[in-house]
Every structure is written in C-alpha cells, then in structure tokens.
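Trainee: What follows is a structure written as structure tokens; I'll ask about it next.
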Amino acid sequence: MATNLETNRFTSESLSVSEARQCLTQLPERLQQEELGALAVTRRGEPVMAIMSWELFESITETLEVLGDEKLMAALRESIQAIRDGKTFTSEQARKKLGL
C-alpha cells in the first residue's frame, strides 16, 4: 500500500502505478481528506510522476513564474531588504501616502 516519503515536504505518500490506476477516481478526495500535498506514483519503487491538487499545481506554477521574472524578483529582494532595514510604514501612514 502507501509508504511515507521523506524526500519532499509536499509528497507524503506513494502509490505504485497499478495502485494509482485502481483508485484514480478516489484520489482527489484522498488528497483532500488526508491533507496531502501530493502523491508520488512509482514504477519499480522509483518515483515517476506526482498527483497533486489543482490548487497546489497552480501555486507551484505561479511561484515559478515569479521566480522567473527578473524584475519582480529584484523588487521582492529590495522590499525584503527595506523591511530588514526598518523602512516600513504603519497602515495609517500608508493610507495617508496613498490618499485614502
């Protein structure tokens, strides 16, 4: 049956290809009920694919898009440094600056 995997924090269980084939229609509920990030599907004991919720897939895709955008990453790094340097505003100061 399923085994624990310690190699990836998003993948906590694995199924063989034949096990996944047998319970494919039940996997969405299983991912949700067991609060799993993803299931590794294995062939001969080696992971060959992952099954994950659509929400996790979208989240990973969006993260990769952000990481691949050089301008956005530069702005993010700059913002993180500003926070570290204490260059922040209270919500009231931000509203005043934005004219809200």
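Just so it is clear, none of the values below were taken in a lab; they were calculated from the coordinates. None of these values were measured; they are calculated from a predicted model. Please note: Cβ atoms are built from the backbone with ideal geometry, for glycine as well, and neighbour counts cover all protein chains shown.
Trainee: Of the residues that sit in the range 41-100 and are among the basic types (K, R) and under 30 Å from Q26 (Cβ atoms), which one is nearest to the chain's Cα centre (by Cα)?
Mentor: R43
Trainee: Could you list, in sequence order, the residues of the range 10-60 that are part of a helix (DSSP H, G or I), aliphatic (A, V, I, L, M) and free of Cβ contacts under 8 Å to residues at least 40 places away in the same chain? Spell out the reasoning first.
Mentor: The initial filter retains those residues of the range 10-60 that are part of a helix (DSSP H, G or I), namely 17-22, 24-33, 54-60.
Restricting the remaining residues to those that are aliphatic (A, V, I, L, M) gives 17, 20, 24, 27, 31, 56, 60.
Selection gives V17, A20, L24, L27, L31, I60.
Trainee: Can you tell me which of E13, E19, E65 is surrounded by fewer than 15 Cβ atoms within 10 Å (Cβ to Cβ) and either at positive phi or charged (D, E, K, R) (or both)?
Mentor: E65
Trainee: If G37 satisfies all but one of (1) surrounded by fewer than 11 Cβ atoms within 10 Å (Cβ to Cβ); (2) in contact with a Phe, Trp or Tyr (Cβ under 6 Å, 6 or more places away or on another chain), what's the number of the condition it fails?
Mentor: Here G37 clears every test but (1).
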